[in-house]
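**Q** Let me give you the structure first, and then I'll get to my questions.
The values are calculated or read from the model by the stated rules, or taken from the named source; none is laboratory data. Everything numeric here is computed off the predicted structure, so don't read it as measured data. All Cβ positions, glycine included, derive from the backbone under ideal geometry; neighbour counts span all protein chains shown. Note: accessible area is taken over every heavy atom of the protein model, side chains too, but ligands, DNA and RNA are not part of it. Shrake-Rupley method; radii C 1.70, N 1.55, O 1.52, S 1.80 Å.
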Amino acid sequence: GYIHSSLLICIHLLTGKQWYQRRVRGFLTLSALVFYSSSAPLLSHNMGHPTVKEVQEKMQELINKYIELSKQDPEAEPSWQVLSKSGETKIYRKEEQKGDVLMDFLVATTLVEGVTAAEMTEVFHSKELKLKWDHTIEGDKLLETLDDHCAVYHQILKRVWPAAQRDIVYASHKQQLDIQSGEEHPSWIVCNVSCDHPSKPESDSSYTRASIEVVMFCQTIGKGPSRKDIKCKIVYSASVNPGGWAPSAAVRAVSQREYPKFLKKISSFAVDHVKNSPIKF
C-alpha cells in the first residue's frame, strides 16, 4: 500500500541511532508524488492541523489547481522535467514557489483502459472499495458528513516496524466537475486533506498522527459505447514529509520506484471491478 511506501522512505533515509530515538515522530503521509525538497522547512506536529472549515475552504483551491494542470502538456512545457516513464505512467517534476520557499512539485499521470473518471474516483474514494485493494489500512471510520461532496474520516494504518503505528484524520472531497471545452463527459476529482476533528483530537490518540494532502483528478477519454473505446486519464499527487531532513534527490529516487506500483495496483483493481458493469460516466 502507499502509506507503507512512505514509511519505507523513512527507513531508507532516516537511519541511525537518532532516527530510532525519534521513532519517526514527524509527518509521514499517504500515497504521494509531491515531496518537500531538502531546502524546505519541515513541519512540526506542534503546528497542528487545519480545522474542518479551513480544509473545506482549501478544497476549491486544489480543484482549480488540478483543472489547470490537466490542461497542460508536460511534454511541451519547458518548466516540466520528465523523471521516469513506465508504460502509460509518467512522473514529472516542476518547481513550485510556496511563500519564500522553492519546492519540488511532482505529478504522476497515467492512462487506464476500460474505466471512466467516475469509476476510478469511486474506487479511490469509497471506504468499502478502498479496504479491498489497500491492505495497509487497519480501520477506516466515518466521523462526520459535511455536505454532499465532503466527509471526515479517521483511518488507522497497519504498523510497519520499527516505525510507530499511524492514524490520520482527514476530510475527503469527491466532486463531479463541469464539462470543459472539448470534453465528452465530466471529469471527477478527489481531494484528501488532513484536519482536526473534535471527536478524534490528536492529544487523545495512542497513535502517531500522520498528515496528508492527496489529489486524484480523473478525465474520461472517448465516447464508448463499449469499454474498449474509453480510457481514464489520471493526474495524481500528494504531499509527503518523511519526518526529518532528507535529500530531495534520494526521496525522489524512492518515489520513482514505489509510486508507479501504487498506480498500477489501483488501476488493475478498477479494471477488474467494473469490467462486467454498465459504464458509468
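**Q** What Rg and what Dmax come out for region 126-197 when only alpha-carbon atoms are used, in angstroms?
**A** In Å, with Rg to one decimal and Dmax whole: 15.3, 50.
**Q** Keeping all protein chains in place, calculate the accessible area per residue for region 102-201 (probe 1.4 angstrom), answer in Å².
**A** 38
**Q** Quick one: Cα centre-to-centre distance for region 200-225 and region 121-166, in angstrom?
**A** 8
**Q** Below 8 Å between Cα atoms, with a sequence gap of 6+, how large is the relative contact order for region 95-170 in percent?
**A** 16
**Q** In nanometres, what is the gap between the two model label sites at S277 and K53, each 7 Å from Cα along Cα-to-Cβ?
**A** Between S277 and K53, the label points sit 3.7 nm apart.
**Q** Can you tell me the mean projection area, over all orientations, of the convex hull of region 104-152's alpha carbons? Units nm², please.
**A** Reported value for the Cα convex hull: 5.5 nm².
**Q** For a paramagnetic label modelled at 7 Å from the Cα of E113 toward its Cβ, which residues of region 215-235 fall within the zone defined by backbone nitrogen distances under 12 Å?
**A** What the label zone holds, given the 12 Å backbone N cut-off, is 227-232.
**Q** Volume per residue, Å³, of the convex hull around the alpha-carbon atoms of region 168-219?
**A** Per-residue hull volume (Cα only) is 75 Å³.
**Q** In a shell of Cβ-Cβ distance under 13 Å around K158, excluding K158 itself, what net charge do Lys and Arg (+1) and Asp and Glu (-1) give?
**A** -2
**Q** I've got another one for you. Assuming 1.306 mPa s and 10 °C, estimate D for region 52-157 with Stokes-Einstein, Rh taken as the Kirkwood radius over Cα pairs, in µm²/s.
**A** 94
**Q** Still on this structure, please answer the following. Treat each spin label as a single point 7 Å out from the Cα along the C-beta direction, and report the K127 to E144 distance in nm.
**A** If labels sit at K127 and E144, their model points lie 1.5 nm apart.
**Q** Could you give the length gained by full extension between D204 and A76, i.e. 0.36 nm per residue of separation minus their alpha carbon distance, to one decimal place?
**A** My answer for the length gained is 41.1 nm.
**Q** Using heavy-atom solvent-accessible surface (probe 1.4 Å) with all chains present, what is the largest-first order of T51, T121, T145?
**A** T145, T51, T121
**Q** Projected area of region 142-246, taken from the Cα convex hull and averaged over every viewing direction, in nm²?
**A** 10.0
**Q** Given the pairs K94/K127; K65/K174; K65/K231, which span a C-alpha to C-alpha distance of over 26 angstrom in this model?
**A** Cα-Cα > 26 Å for K94/K127; rest within.
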